[in-house]
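Here's the structure, in C-alpha cells; my notes come after.
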Amino acid sequence: MAAVSLLTGFFRDPVVEVSVLQRRCLKNRLNSCRCALCIDACPTGALRYHNSHIEIDSSICSGCMRCSAVCPNEVFISSYDFSSALEAAVRDENECIVFSCPNQKQYAESETVVPCHAVFSVEALLFLGTSGKKEIHFNTADCASCVNNSALLQFSRELAGLLKQFGASLPAAFLLQAAPIHDEKISARRSFLAALKKRALSVACPTRQSTGLDNCAVSRRITPNISLRQKGIAAAIYSTSLTENILPFLTVSDTCRPCPRCAGICPTGALRLKKENGSKRLEFNRHHCSSCGLCLDFCKHSALRLFTPYSF
C-alpha cells in the first residue's frame, strides 16, 4: 500500500517549474490592462497579481503550463520547449501522434510526453491539425482524478470550439482517448525520467539563468504561439477560409487621430504608423497580432475594435 501511495505522489509532482518574466506581462506595459487570463486558467490557484507583479505559489503549482497556453505574450517560461516538442512529433514518420503526460500511469515508448494536455493552445492545435498527420490522440485515461482536471476541461472546450469552427479545414482528426491506449506501465522512477528526458525536456532559453531578463525579454517579439499559428496557416495555404478566419481582425473608425500610442504599446509589432503622401495611417499586420487588446485600452479616442476568431 505504501508503494502505491509513493508512486501516486510521484506522478502528482510538477514535471516542470514555471517562472515569470515580469517585463513581458501586459499589466507591466499598461497599468489599466484588465488581462487576467492566466489567473482565471490556473487549475490550482497558484497565480495571483500582487504589488504590480504576477506571483506563482510554487508550493501548489502543478506545472501544467496552462498559463503559458493562454498568455498572449509568453510571460511564463520553463526549461520545457513545447514548440520544439510539437515539431519533433510532427516530423516523426508515424501517421498518428499520441500525446500523454507524466500523470498517466500507462504510456508507450511511441507517445509524446507533455507536462499536461492543458499546455496545448489553440495555435498549437491548429499547427497539429494542418501537420499532415491523420489522427491526433490525447491519452486522457487518468485525467478525471488529476489535480489539473479543470485545466483539461478548458482545453477540451477549446478543442471542441476549434473543431466546430474550423474542423472542415483541418485534415487531421482529433481524438480524446478516455480509456487506456496501452497497458505498459512505468515501473521505476529511473525509466520515467529517461523517457521524459528523451521525449519532453529541452532548454528553451539557455541564457536565462545567467543573464536574467536581458536575453529573453525583447520588447517586440513574435511569441511561440503566434509562430505556431503562422506555420499552421502556411501548411494549410490551400484553405483560404482557414487563413482568413483564424487571424484576428482590427477595424479603425473615423475617430482615429494617427498618434503613436497604439503602435507604441503593441508588444508584437502588429501595429505601426505608415506615412503616405504627407499623411499618416495605421497599418495592421494580422499575422503578428496576439489578440492581447492593449491597443484598445490605450487608444484615447476609442477608435479601435478587435475581433478574435477563436474565443471559445
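Taken across region 39-58, residues that are aliphatic (A, V, I, L, M) and in contact with a Pro (Cβ under 8 Å, 6 or more places away or on another chain) do not occur at all. Return yes or no: is Phe312 in contact with a Gly (Cβ under 6 Å, 6 or more places away or on another chain) and under 22 Å from Ile233 (Cα atoms)? Spelling it out, Phe312 is indeed in contact with a Gly (Cβ under 6 Å, 6 or more places away or on another chain) and under 22 Å from Ile233 (Cα atoms). The strands (runs of 3 or more DSSP E) located wholly in region 230-306 that include 1 or more residues which are open to solvent by 30 Å² or more (accessible area, probe 1.4 Å) and of a type in the set (Asp, Glu) occupy 271-276, 279-284.
Residues that are open to solvent by 40 Å² or more (accessible area, probe 1.4 Å) and farther than 19 Å from Val98 by Cβ within region 119-157 comprise Ser145, Val147, Asn149, Ser150, Leu153, Arg157, listed in sequence order.
Number of residues in region 4-50 that are assigned to a loop (DSSP other than H, G, I, E, B) and modelled with pLDDT under 85: the value is 4. Just one residue in the set Cys38, Cys25 is surrounded by 20 or more Cβ atoms within 10 Å (Cβ to Cβ), under 18 Å from the mean Cα position of the chain (by Cα) and over 21 Å from Ala124 (Cβ atoms); that residue is Cys25.
A quick yes/no check of all residues on (1) of a type in the set (Gly, Ala, Ser); (2) in contact with a strand residue (DSSP E or B) (Cβ under 6 Å, 6 or more places away or on another chain); (3) within 28 Å of Ser169 (Cβ to Cβ):
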site	(1), (2), (3)
Thr240	no, no, yes
Ile246	no, no, yes
Ser253	yes, no, no
Cys259	no, no, no
Gly264	yes, no, no
Lys280	no, yes, no
His287	no, no, yes
Asp297	no, no, no
Thr308	no, no, yes
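Filtering region 257-290 to residues that are more than 26 Å from Thr223 (Cβ to Cβ) and in contact (Cβ under 8 Å) with a residue 24 or more places away in the chain leaves Arg257, Pro258.
Which of the residues that make up region 145-199 are at pLDDT 90 or above, assigned to a loop (DSSP other than H, G, I, E, B) and closer than 30 Å to Ala234 by Cβ? Ala172 - this is the single residue of region 145-199 that is at pLDDT 90 or above, assigned to a loop (DSSP other than H, G, I, E, B) and closer than 30 Å to Ala234 by Cβ. Just one of (1) modelled with pLDDT of 55 or more; (2) exposed (fewer than 12 other Cβ atoms within 10 Å of the Cβ) trips up Asp214, so point out which. Exception for Asp214: condition (1). Taken as a whole, the structure leaves Ser311 outside the set of residues that are at pLDDT 90 or above, open to solvent by 40 Å² or more (accessible area, probe 1.4 Å) and small (Gly, Ala, Ser).
The test for being part of a strand (DSSP E or B) and surrounded by fewer than 14 Cβ atoms within 10 Å (Cβ to Cβ) does not hold for Glu93. Only one of the numbered conditions (1) open to solvent by 30 Å² or more (accessible area, probe 1.4 Å); (2) in contact with an Asp or Glu (Cβ under 9 Å, 6 or more places away or on another chain) is not met by Ala160, and that is (2).
When region 71-91 is filtered for residues that are of a type in the set (Ser, Thr, Tyr) and either without any contact (Cβ under 8 Å) to a residue 60 or more places away in the chain or farther than 17 Å from Leu126 by Cα (or both), the ones remaining, listed by number, are Ser78, Ser79, Tyr80. Residue count for region 51-75 satisfying the condition of being within 21 Å of Leu153 (Cα to Cα) and either open to solvent by 40 Å² or more (accessible area, probe 1.4 Å) or in a strand (DSSP E or B) (or both): 1.
The values are calculated or read from the model by the stated rules, or taken from the named source; none is laboratory data. Bear in mind that the values here come from a model prediction, so they are computed numbers and not experimental data. Every residue, glycine as well, gets a Cβ built from its backbone with ideal geometry; the counts of neighbours run over all protein chains shown. We work out accessible area using only protein heavy atoms, side chains counted, and drop any ligands, DNA or RNA first. Shrake-Rupley method; radii C 1.70, N 1.55, O 1.52, S 1.80 Å.
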